[in-house]
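Here the structure is laid out as structure tokens; the discussion comes afterwards.
The values are calculated or read from the model by the stated rules, or taken from the named source; none is laboratory data. As the structure is a prediction and not an experimental result, all values here were calculated from the model. Neighbour counts are summed over all protein chains in view; Cβ atoms, including those assigned to glycine, are modelled from backbone coordinates with ideal geometry.
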Amino acid sequence: MRRKNREIVDINEKLEIIAKCKVCRIGLSENNYPYIVPLNYGFSYNDEKLTLYFHGAKEGKKMDIIQKNNNACFEIDCDTRLIEGENPCGYSFEFKSIIGFGKIILSETKDEKINGLNYLMKQQTGEDKKYDFNENELNSVVVFKMVVEEFTGKQKVIG
């Protein structure tokens with residue numbers, strides 16, 4: 001990281017950002033072109049391993065790319081705010097962000113899907129409870145996770 005003074009090194013601070021935000025952008029690659037898609041997400045952090053959970057349609061460009069190449073990156077940001085300056089070059093921006101890399105894995109079993117959807121619901125609602133999903137609901141979506149191999153945190157906070 002070029003700006004070491006903005007790096008977030010404490011894992012708890014990074015996890016706080018991940019827990020606070022609601023949208024994750026995943027970057028995929030097809031034929032040397034990037035494809036970025038914003039998604040709601042959930043997450044778990046167990047045994048020093050971050051896993052992000054997503055859901056979506058069973059078919060479409062995102063799924064086509066993932067089936068060919070499951071390498072991915074992600075970006076999450078929040079606490080953004082424009083800082084006005086006296087002239088255009090004096091403007092700045094506050095932010096907190098997390099960026100990382102990993103592999104996407106499709107959930108194969110009913111239990112894996114339910115687990116992933118419960119992490120999503122926890123992230124989006126703030127409620128740590130188990131939800132029930134019927135067969136119709138489970139069959140109508142694909143649930144996938146990104147097993148994160150590495151991630152960094154960065155922030156710019158002005159007074």
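Numbers below:
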quantity: Residues of the range 72-88 that turn out to be more than 19 Å from GLY42 (Cβ to Cβ) and within 20 Å of the chain's Cα centre (by Cα), as a count; calculated: 2
quantity: Residue list for the range 46-82, filter: closer than 22 Å to LYS130 by Cα, touching a Ser or Thr at 6+ places or on another chain (Cβ under 8 Å) and not β-branched (Val, Ile, Thr); calculated: LEU50, TYR53
quantity: Filter result for LYS49 (touching a residue at least 24 places away in the same chain (Cβ under 8 Å), basic (Lys, Arg) and under 21 Å from THR125 (Cβ atoms)); calculated: no
quantity: Leading residue by the ranking (farthest from ALA57 (Cα to Cα)) among those in the range 107-130 that are aliphatic (A, V, I, L, M) and in contact (Cβ under 8 Å) with a residue 60 or more places away in the chain; calculated: MET121
quantity: Failed item in (1) modelled with pLDDT of 95 or more; (2) farther than 17 Å from SER44 by Cβ; (3) surrounded by 17 or more Cβ atoms within 10 Å (Cβ to Cβ); (4) over 14 Å from the mean Cα position of the chain (by Cα), with ASN69 passing the rest; calculated: (3)
quantity: Single residue of LYS113, LYS122, LYS145 found to be of a type in the set (D, E, K, R), surrounded by 10 or more Cβ atoms within 10 Å (Cβ to Cβ) and farther than 25 Å from ASN71 by Cα; calculated: LYS122
